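What follows is one structure encoded as structure tokens, with my remarks underneath.
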Amino acid sequence: MNISSRFRTIVAALVATAGVGLASSAQADSGTIRFYVYKAAFFVGGSGGEGTLTFHGRRYPISIGGVSGGLAFGASKTYFQGRVRNIQRVRDATGVYGAAGGGGAVGKGAQVIVMTNGKGAQLELQGRQVGLQVNADVTGLAISLK
């Protein structure tokens, strides 16, 4: 009886632990994000901007910064909006996101980008770009709370 009781206790603990693990991944949520970025580049570029992250009905001001390297030149301002997925708290959306890509705009243009940070948060963004910008580069984007 003593072995049977211990076995049931161990099985119950394993089931509870597995349930907590599944609940944690199931609790991952999403928010919305809007920001603008100024970008200037001549092979090496820099960018900066600000915006708002909305999570669980609360708005958080954010700062944007970044660098790019590769074939890039010009200057532009891009307005982004989209979703931040796979976050459990606001700080999960902060950090460095990386992407490789290309594009361009003369006057006006559109951009769509998906990026992931080291915490597993995923940005799905759409943007309107204004200015002259041509690029085939690797870009890093850092998001921080103000």
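The values are calculated or read from the model by the stated rules, or taken from the named source; none is laboratory data. Given the structure is predicted, the values throughout are model-derived calculations rather than measurements. Cβ sites come from the backbone with ideal geometry, for glycine too, and all protein chains shown count toward neighbours.
Values as computed for the structure displayed
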| read-out | value |
| --- | --- |
| Residue within the stretch 36-56 that is modelled with pLDDT under 65, more than 16 Å from the chain's Cα centre (by Cα) and farther than 17 Å from I87 by Cβ present | no |
| Residues within the stretch 29-67 that are more than 14 Å from S144 (Cα to Cα), of a type in the set (G, A, S), surrounded by fewer than 19 Cβ atoms within 10 Å (Cβ to Cβ) and touching a Ser or Thr at 6+ places or on another chain (Cβ under 9 Å), tallied | 2 |
| Top-ranked residue in the stretch 100-118 [being within 18 Å of I64 (Cα to Cα) and surrounded by 16 or more Cβ atoms within 10 Å (Cβ to Cβ); ranked as modelled with the highest pLDDT] | N117 |
| Any chance A26 is at pLDDT below 70 and under 26 Å from L145 (Cβ atoms) | yes |
| Residue satisfying condition, being part of a helix (DSSP H, G or I) and either closer than 18 Å to I143 by Cβ or modelled with pLDDT under 85 (or both), within set S4, S68 | S4 |
| Which numbered condition L125 misses (of (1) modelled with pLDDT under 80; (2) under 14 Å from G49 (Cβ atoms); (3) not charged (D, E, K, R)) | (1) |
| Residue that is modelled with the highest pLDDT, among those in the stretch 71-99 that are hydrophobic (A, V, I, L, M, F, W, C) and farther than 16 Å from G31 by Cα | V96 |
